[in-house]
Amino acid sequence: MQSPSFHSIKVFHGVATRHEMYRLFDRHAQDPDTTGRHSGALHAGEWFEIGEVEHDHMFEILPPLWMRGDMFAMREFLVGNVTSVFFTLSIDGRIRWLHGYCDLSDRASPDRMKAAIVERETWPVRAMTREERLEHIWSATHEDYRGYAGVRWPEALRGTRTVLLYGGREGTFVKRLDDLTETEIAAKLPVQFRHLPDAVAA
């Protein structure tokens, strides 16, 4: 059971290639919420799967800040107390490699992240929550086709995430990520994820 103050979210489904991994590291680079970016609040709790080669590549870049059994932390912090923690986990009898952002001001956060990943990846059925679907869409959308609501939007919505949609005869239009309909979400997801059942996060 996770701490009520701890929230983790899988932000990409499938195994990220090296190119995808680096793009995922930068998924908040253009966010206008500078306070959130500089504090690490936008990153902490996010995680995704990588391959063994990518895991070993990151291990070899710099000596780790620390190593603890099946995980190690990057010496270079992303922002504030938030850094990358890489995991080598046996899940349902298979070794998998994962990356998560942990706020090390909470010394228990790497273990909480590990527990959250294992819990998520051992769900009895293959499914996705609405939040996971939206995060995958954001992660997989090229920077040219995603952005943030600007001055033309109502003040309360400015700075929220937007994506470009294709409206057939109506052409393209921009819509807030959180406002996508189920049909629009399905259209933006890769085919293998479109028909997965809905799940409710614990």
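The values are calculated or read from the model by the stated rules, or taken from the named source; none is laboratory data. Here the structure is a predicted model, which is why all the values come from computation and not from measurement. Virtual Cβ from ideal backbone geometry, glycine too; neighbours counted across all protein chains shown. The accessibility values were calculated without ligands, DNA or RNA, using every heavy atom of the protein model including side chains. Shrake-Rupley method; radii C 1.70, N 1.55, O 1.52, S 1.80 Å.
Side notes on the structure shown:
- Once divided by 2.2 N^0.38 Å, the Cα radius of gyration of the range 83-182 becomes 1.42.
- Multiplying the residue separation of R158 and L89 by 0.36 nm and subtracting their alpha-carbon distance yields 20.9 nm.
- Under 5 Å between amide hydrogens, built in the peptide plane, is the criterion, and for G159 it picks out A149, G150 among residues at least 5 positions away or on other chains.
- Under-5 Å amide H pairs with E46, H placed in peptide plane, nonlocal only: I9, Y101
- Dipole check for the chain: with +1 at the C-beta of Lys and Arg, -1 at the C-beta of Asp and Glu, and the Cα centre as origin, the magnitude is about 260 Debye.
- Summed over the residues of the chain and divided among them, the accessible surface reaches 55 Å² per residue at a probe radius of 1.4 Å.
- Measuring max minus min along each principal axis, the C-alpha atoms of the range 10-115 give extents of 41, 28, 26 Å (largest first).
- The range 17-31 versus the range 86-104: alpha-carbon centroid distance in Å: 18
- Derived value for the chain: Kirkwood hydrodynamic radius 18.0 Å. Basis is the mean of 1/r over every pair of different alpha-carbon atoms.
- Carbon and sulfur %, accessible surface of the chain computed with the full protein complex present, 1.4 Å: 53
- The HN-Hα couplings worked out from phi for the range 37-50 by the Karplus form 6.51 cos²θ - 1.76 cosθ + 1.60 (θ = phi - 60°) are 5, 6, 8, x, 4, 6, 9, 4, x, 7, 8, 7, 8, 10 Hz, whole numbers, x standing for Gly and Pro.
- The chain: antiparallel DSSP beta bridges as a percent of all, rounded to 5: 85
- Excluding same-chain neighbours fewer than eight residues apart, the aspartates and glutamates reachable from K188 by a Cα-Cα span under 12 Å are E135.
- Subtracting the Cα-Cα distance of T181 and F77 from 0.36 nm times their residue separation leaves 33.8 nm of extension gain.
- Partners of K114 within straight-line reach, counting lysines whose Cα lies under 16 Å from its Cα and excluding those fewer than 8 residues away in the same chain: K10.
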